[in-house]
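For reference, the structure is listed below as structure tokens.
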Amino acid sequence: MTTKPRPIPNLRRDVPLDANALELFARIVAAGSFAQAARQLGQTRAAVSRRVALIESALGQPLFARTTRALGLTETGRRLAAKARAVADATAAARLSLRSLGDAGPGLSGTLRVTSVPIFGQAVLAPLLARFQAEHPALRFELRLTHRRVDLLREDVDVAFRLTNRPPEDWVALPLMPFVVRAYAAPGAGPALATPAELAGRRCLVFGNPAEALTLHWRSDAVDAGDGADVAVALEPAMVADDMGTLLAVARAGGSIVFAPDFCARADLARGELVDVLPGWRLRVAEGDLVQALTLPQPAVPESARALLRFVRDALGAPGAFSS
């Protein structure tokens with residue numbers, strides 16, 4: 001015997017459950033927490049919590065099963081989630097379509113929403129955006145620098161710049177710039193190293209999450225990438241940080257070796273403030289060694305985003321094209 005699913009409870013008339021409320025609910029479910037959804041929306045956690053309380057009041061039942069460690073859905077929340085996601089997807093698609101129409105006229109205007117990992121955004125993208133905006137003064141930018149994977153559709157973002165060799169299959173990827181991670185230090189930090197094994201015992205600065213000890217895999221530039229001839233080096237970092245600019249500043253001050261993408265160290269190398277202390281060796285990067293621009297399929301991409309991608313591609317000398 002088949003049991004019919006119970007309908008969503010009737011709403012109280014004094015608190016409407018509208019499309020905005022459903023979109024908010026969908027965002028919280030996708031984000032996995034009130035705090036993360038609030039950051040994505042540019043609101044406080046308290047404001048998001050109050051809006052959720054109104055939605056739950058409208059339904060007369062809770063949507064979320066809250067614990068100290070996790071945020072789950074009640075039965076009512078699970079039944080509402082699919083409907084809320086459909087509303088959120090339709091709303092995001094409508095915004096993208098309207099922005100695309102608004103950009104179709106002469107010149108570029110409107111708002112262009114861009115996200116990037118911080119190390120590329122600060123070292124490479126920011127000066128390119130300044131040049132691009134100078135050419136299109138009517139265009140407004142919203143730039144988010146984050147390591148988090150951003151959902152382009154639900155979060156209403158036009159372009160994402162990421163360091164990856166494996167972009168999501170449902171997004172369009174435009175390869176822009178290969179890079180290598182090398183070992184850099186101030187000129188007076190000591191003689192150049194012959195092999196990665198000599199890093200052991202040196203003061204090393206590492207980008208990423210805290211770790212008392214870790215093993216890094218190095219590869220010679222003279223070795224083909226396919227033969228797997230890595231040199232593994234175990235070390236205890238002298239400093240771990242999630243900001244590459246800080247690590248480079250510490251290295252410039254002397255006495256430490258920083259592992260950084262070459263595009264981050266380019267200016268310091270040109271000024272002579274850093275040198276390559278392990279010439280001919282590069283650090284293997286799990287995520288990949290390629291900067292790529294990610295967008296939704298082209299019908300949903302506004303002309304301003306396509307123009308930006310062409311501009312960045314040309315400035316970096318990247319092959320290929322992004323058609324208008």
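The values are calculated or read from the model by the stated rules, or taken from the named source; none is laboratory data. A quick note: this is a predicted structure, and the numbers were derived from the prediction, not measured. Cβ: placed from backbone, ideal geometry, glycine included. Neighbour counts: every protein chain shown.
Can you spot a residue in the range 44-51 that is farther than 20 Å from GLU142 by Cα, at pLDDT 70 or above, of a type in the set (A, V, I, L, M) and surrounded by fewer than 18 Cβ atoms within 10 Å (Cβ to Cβ)?
Yes, there is a match, as at least one residue in the range 44-51 is farther than 20 Å from GLU142 by Cα, at pLDDT 70 or above, of a type in the set (A, V, I, L, M) and surrounded by fewer than 18 Cβ atoms within 10 Å (Cβ to Cβ).
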* Asked: GLN133 is checked against (1) at pLDDT 90 or above; (2) in contact with a helix residue (DSSP H, G or I) (Cβ under 9 Å, 6 or more places away or on another chain); (3) polar (S, T, N, Q) and fails just one. What number does that condition carry?
  -> (2)
* **Filter pass, ASP151 being in contact (Cβ under 8 Å) with a residue 12 or more places away in the chain, of a type outside the set (A, V, I, L, M) and at positive phi** => no
* Asked: Has the range 262-271 got any residue that is among the charged types (D, E, K, R), crowded, with 19+ Cβ neighbours inside 10 Å and closer than 17 Å to PHE120 by Cα?
  -> yes
* Quick one: which strands (runs of 3 or more DSSP E) sit completely within the range 256-304 and have at least 2 residues that are over 28 Å from ARG113 (Cβ atoms)? -> 257-261, 281-283
* Give the range 281-297 a look and list any residue that's touching a residue at least 60 places away in the same chain (Cβ under 8 Å) and either surrounded by fewer than 14 Cβ atoms within 10 Å (Cβ to Cβ) or among the aliphatic types (A, V, I, L, M) (or both), or say none. => LEU283, VAL285, GLU287, LEU290, VAL291, ALA293, LEU294, LEU296, PRO297
* To do: Determine whether GLU135 is farther than 30 Å from ALA86 by Cβ and assigned by TED's automatic domain parsing to the domain that holds ALA251.
  => no
* Search result, residues across the range 141-180 that are acidic (Asp, Glu), touching a helix residue (DSSP H, G or I) at 6+ places or on another chain (Cβ under 6 Å) and modelled with pLDDT of 90 or more -> ASP158
* Asked: How do the strands (runs of 3 or more DSSP E) wholly within the range 105-217 filter down when requiring 2 or more residues that are buried (at least 17 other Cβ atoms within 10 Å of the Cβ) and β-branched (Val, Ile, Thr): which remain?
  -> 110-116
* Does the range 27-39 contain any residue that is part of a loop (DSSP other than H, G, I, E, B), among the small types (Gly, Ala, Ser) and either modelled with pLDDT of 80 or more or assigned by TED's automatic domain parsing to the domain that holds GLU155 (or both)? -> yes
